[in-house]
């Protein structure tokens with residue numbers, strides 16, 4: 001009975017979303033005037049990706065402070081997790097109930113909202129050269145640039161690094177690897193020293209894509225890679241893809257304890273393995289650095305180090321590339337309170353709030369210039385952002401940079417490589433088919 | 001009252017009789033009909049708006065290609081259905097639903113009936129009650145919670161199942177149960193059987209309790225053994241419940257969603273996709289809402305047929321004794 005209810009709920013959710021779209025979705029034709037003088041009254045709705053500890057209080061505190069400054073303004077926070085926000089955003093979009101301000105990744109994800117006329121053009125207020133725009137790094141602003149217009153407010157930068165336990169490395173007598181091959185070689189001594197060399201959980205599929213995207217950047221020339229993200233120009237026949245898939249399989253087999261069962265392990269379980277001191281390494285985002293070394297964890301900030309996933313020998317891509325991208329917020333183009341929304345986001349990205357965001361326990365390196373310093377942020381967060389800023393290019397997450405059908409094919413392919421049910425060639429063929437179908 | 005109305009009716013049949021006398025009852029009954037209709041109108045409206053209108057709308061959406069971002073809707077005829085026929089994941093998902101149904105019939109109908117018969121054959125009432133409770137407890141747990149619980153039981157490194165296998169000398173059987181395509185679907189189905197088994201058993205127990213004890217006593221006097229008694233007395237006399245449970249079980253197997261979402265999200269490599277999760281993924285992950293609507297129509301048609309069979313069975317003459 002419960003089963004029936006669940007499916008009925010899912011179907012009703014979809015049907016309602018579709019149905020509501022007819023009456024609410026596209027009813028508003030007003031175009032947001034983001035440059036207008038804000039009227040400090042009414043209710044402002046905000047969809048964040050800050051649910052759960054330790055992030056949840058950040059926007060709650062900001063909302064309370066903003067309300068103190070503007071008592072007539074009510075702020076309605078909808079806080080979601082990294083996992084749930086995708087569904088929530090799409091449901092709200094389909095039902096024409098997008099909030100005034102909503103979270104977005106860069107790449108194809110944000111482009112959908114821009115193309116659909118759901119993201120306000122913020123060029124007049126945030127483009128480089130404007131007062132607000134000049135507070136951000138230009139690369140962060142450019143990440144939300146489409147058709148020469150600026151649509152996003154980058155809140156924090158992000159990048160992916162191998163975090164490691166210095167004590168484990170010392171006990172195993174291994175150095176920080178300088179090549180992919182050295183990384184693989186270090187796994188056996190670490191295992192002999194009593195550590196799981198690399199903790200890895202891929203139950204949700206996307207952690208595997210993060211490895212793959214960094215390896216693709218190393219193995220496939222940048223211009224080929226960029227062309228392959230768009231189905232219209234994709235060929236997906238560079239030999240670097242197969243090499244990267246093979247390297248990924250080697251890493252899973254040689255360096256993880258879960259091996260072919262990695263798809264059955266939660267990402268958070270892997271994170272806890274490093275934080276708890278049982279794993280020597282774990283591939284993670286800058287946003288997680290302060291989490292794995294939080295008070296109470298076996299891994300302390302002093303014992304925690306980071307390095308970029310090392311480059312494989314003979315790779316034909318860009319060895320200086322790093323995977324990551326800023327994440328930020330869009331303003332609903334149909335919001336009647338767009339000017340107020342802009343004012344709130346200016347408040348959120350004010351220097352003192354940007355510094356708070358970059359500090360423990362939040363550890364989200366703000367995209368605001370000067371917010372991440374050795375004084376305001378933990379040592380590793382600062383070091384990570386420094387590397388991101390100095391990278392030759394930042395390659396956007398594989399699951400948001402390309403169209404959903406292709407991302408889905410990579411997702412299934414990554415799982416198939418881990419479980420050993422498909423060869424790299426078979427995976428690449430399935431992705432090519434998905435890309436061709438999406439043209 | 002009936003007599004009076006009957007008299008009036010007879011009068012009304014007389015040719016040339018004045019009309020006022022004729023109109024009174026029909027106006028009254030007409031008013032009653034309207035009044036009665038107004039009472040059920042809210043329920044009809046609710047049913048129409050929240051059940052039938054979405055169904056009709058969904059059918060319409062299955063012929064569209066719809067971009068939720070721009071709101072543009074393009075009529076594509078039967079393209080979504082053609083795509084469905086050529087989609088290997090759809091067929092794999094359908095196959096998983098059929099597998100789900102087959103295993104569920106074995107456990108939730110056949111095995112549950114056997115277990116119910118065993119429980120009901122226990123002489124001591126106290127033990128009977130205790131056994132019913134023990135088997136029913138998993139059914140009281142929500143599917144989401146049960147899914148999460150089994151997710152941790154199946155965890156390859158820290159999970160209880162592999163821990164037990166390794167510690168009783170069957171370490172070679174330890175598997176990444178949910179992490180590999182060969183075992184993931186059956187692992188999810190196994191959890192589902194654990195969860196639903198007690199409920200089916202309880203329903204069969206109730207059906208067995210309705211069988212007159214004289215029949216069992218007569219069988220015992222004739223020297224019929226336990227197993228033959230089960231096949232000659234119990235099975236025929238719970239036929240109605242067996243039919244109902246079979247239909248409900250098959251119908252439920254085609255609507256499975258929660259446990260798959262919680263435990264595997266359809267992975268790895270789409271090996272545990274069922275129609276419900278593939279609908280969800282097509283709509284909410286791949287933004288292909290028209291295609292998702294077409295999948296929803298398939299689920300609707302399958303469950304409609306099953307529901308019609310169910311109605312037919314429940315309207316058949318009941319077993320009398």
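Remarks
- Counting Cβ atoms of other protein chains within 10 Å of each residue's Cβ and taking the mean over peptide B:283-296 gives 5.
- Bins of 5 Å, starting at 0 and running to the largest distance - Cα pair percent for the range B:57-100: 6, 20, 19, 19, 18, 12, 5, 2
- Semi-axes of the equivalent ellipsoid for the range A:351-415, Cα gyration tensor, largest first, Å: 31, 13, 11
- Helix A:338-348 vs. chain A, principal-axis angle (Cα, 0 to 90°, nearest 10): 50
- Cα-based Kirkwood hydrodynamic radius, the range A:321-439, one decimal, Å: 17.5
- Averaging the Cα positions of each part gives two centres, and for the range A:221-241 and the range A:337-354 these lie 38 Å apart.
- Partner shielding of B:263-276 amounts to 6, given as the average count of beta-carbon atoms from other chains within 10 Å of each residue beta-carbon.
- Shape call, the range B:114-172: gyration tensor on alpha carbons, a/c limit 1.5: oblate
- Stokes-Einstein diffusion coefficient of the range A:79-229, Kirkwood radius over Cα pairs, 4 °C, 1.567 mPa s, in µm²/s: 68
- Packing-based ranking of B:185-194, A:330-339 yields A:330-339, B:185-194, ordered from highest to lowest mean Cβ neighbour count within 10 Å.
- Computed E for residue B:50/residue B:214 - FRET, C-beta separation, R0 51 angstrom, nearest 0.05: 0.55
- Quarter of the Cα convex hull surface for the range B:184-321, i.e. its orientation-mean projected area (nm²): 10.3
- Ellipsoid semi-axes for the range A:237-296, based on the Cα gyration tensor and the rule √(5λ), read 27, 14, 9 Å when sorted largest first.
- Coordinate range along principal axes, alpha carbons of the range A:303-373, Å, largest first: 54, 33, 18
- Counting only Cα atoms, the range A:55-149 measures 35, 33, 24 Å along its principal axes, largest extent leading.
- At full extension, residue A:226 and residue A:179 could sit 14.5 nm farther apart than now, given 0.36 nm per residue minus the alpha carbon distance.
- The peptide list A:74-83, A:35-44, B:219-228, A:359-368, put in order of mean Cβ contacts within 10 Å with the highest first, becomes A:359-368, A:74-83, A:35-44, B:219-228.
- Chain A - Rg and Dmax from Cα coordinates, angstrom: 22.1, 66
- Part-to-part distance (alpha-carbon centres) for the range B:210-243 and the range B:141-206, which is given in Å: 34
- Average beta-carbon neighbours from other chains, 10 Å sphere, peptide B:140-152: 1
- In plain terms, the chain from residue B:167 to residue B:102 could stretch by 20.2 nm, reckoned as 0.36 nm per residue minus the Cα-Cα distance.
- To the nearest ten degrees, helix B:2-12 and the longest principal axis of the Cα atoms of chain B are 60 degrees apart.
- Chain B: relative contact order in percent, alpha carbon pairs under 8 Å with at least 6 residues between: 25
- Whole-angstrom gap from the range A:191-216 to the range A:404-439, using each part's C-alpha centre: 18
- Peptides A:114-123, B:87-96 ordered by average Cβ neighbours within 10 Å, highest first: A:114-123, B:87-96
- Counting only DSSP H runs of at least 4 residues, each contributing -39500 (n - 2.57), and dividing by the residue count of the protein assembly as shown, the helix-based mean residue ellipticity at 222 nm comes to -16500 deg cm²/dmol.
- Shape class of the range B:257-313 from the Cα gyration tensor (axes a ≥ b ≥ c, square roots of the eigenvalues): oblate, since a/c reaches 1.5 or more and a/b does not exceed b/c.
- Two-site FRET efficiency, residue A:130 against residue A:253, from Cβ-Cβ distance with R₀ of 35 Å, rounded to 0.05: 0.10
- Kirkwood Rh (inverse of mean 1/r, distinct Cα pairs), the protein assembly as shown, angstrom: 29.6
- Cβ-Cβ distance of residue A:142 and residue B:118, R₀ of 51 Å, FRET efficiency by 1/(1 + (r/R0)^6): the value works out to about 0.10.
- Three-way shape label, chain B, alpha-carbon gyration tensor, a/c 1.5: oblate
- Angle between chain B longest axis and helix B:125-140 axis [Cα atoms, degrees, rounded to 10]: 90
Only the coordinates and a few stated rules stand behind these numbers; no lab work does. Keep in mind it's a predicted model, so treat the numbers as computed, not measured. A quick note on method: Cβ atoms are made from the backbone with ideal geometry, for glycine too, and the neighbour counts reach across all protein chains shown.
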